[in-house]
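Only one structure is covered here, and it is reproduced in the block below.
None of the figures in this text is laboratory data; all of them are computed from the coordinates on show. Only a predicted model underlies this, so the values are computations on that prediction, with no experimental measurement involved. Neighbour counts are summed over all protein chains in view; Cβ atoms, including those assigned to glycine, are modelled from backbone coordinates with ideal geometry.
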């Protein structure tokens, strides 16, 4: 099979299945694993797909924004392990910002024994924090129906009054060139503002976020400690360590 034919078949399979494994492509194309890996590298460089651990997936569109319900069921165990590592950086007496999102909400159970004050823009975070007796401040503003995040002018104005020891931020995309990105400009502004007001910032990203670029950039990769899992591509991991602090949890 010619290279161009393999590439067309790979893209066709991705369109039907969204995600494919390397072994599936080996079987479908009757090619060697090394050939398929080269094909995936070529197609990723051409921005036709995104490589993931053991295969490839379709690129996310820049304005795509999954709802809370959609994100909750995706990579849930990985997110819990990442959140546990994130919570380990919280010390008694800290004032922290906790971003809206399905990765950041997983931090809350690990704050149970800590004496902290939390400021959040996440509607779904509030009841979980209060159930643990944690002092909680909400920045207010307009609540987005999809992500349950507070955004808008009044949210920013309230946020400007706070200063944080640490900020824990969710993300939709991470690349070396484009930094941290998210689909909504208003949410991007909240994330950026919180990070500017924190002594130390942490971004939580499961492996699916790497190589993705959403519509709005809010910070460079080197502006935060990046917490992820061992599912991240090894080459990507090495390149990230050159420019930022990378915390990798085992699964």
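Please arrange 11, 231, 129 by counting, for each residue, the other beta carbons lying within 10 Å of its beta carbon, fewest first.
Working: 11 15, 231 18, 129 21.
Listed from fewest to most nearby Cβ atoms, that is 11, 231, 129.
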Self-check item: the chain: angle of helix 3-17 to the longest principal axis, Cα-based, in degrees nearest 10
Solution: 40 degrees
Quiz item: Angle between the Cα long axis of helix 76-87 and the longest principal axis of the chain, 0 to 90 degrees, nearest 10?
Solution: 40 degrees
Quiz item: In nanometres, what is the gap between the two model label sites at residue 23 and residue 154, each 7 Å from Cα along Cα-to-Cβ?
Solution: 5.5 nm
Quiz item: Using 0.36 nm per residue, how much length does the chain from residue 3 to residue 244 gain when fully extended, once their Cα-Cα distance is taken away?
Solution: 83.1 nm
Practice problem: For residue 143 paired with residue 117, estimate the spin-label separation in nm (one decimal), with each label point 7 Å from Cα along the Cα-to-Cβ line. | Solution: 2.4 nm
Quiz item: Taking the Cα atoms only, what angle lies between the long axis of helix 185-196 and the longest principal axis of the chain, rounded to 10 degrees?
Solution: 60 degrees
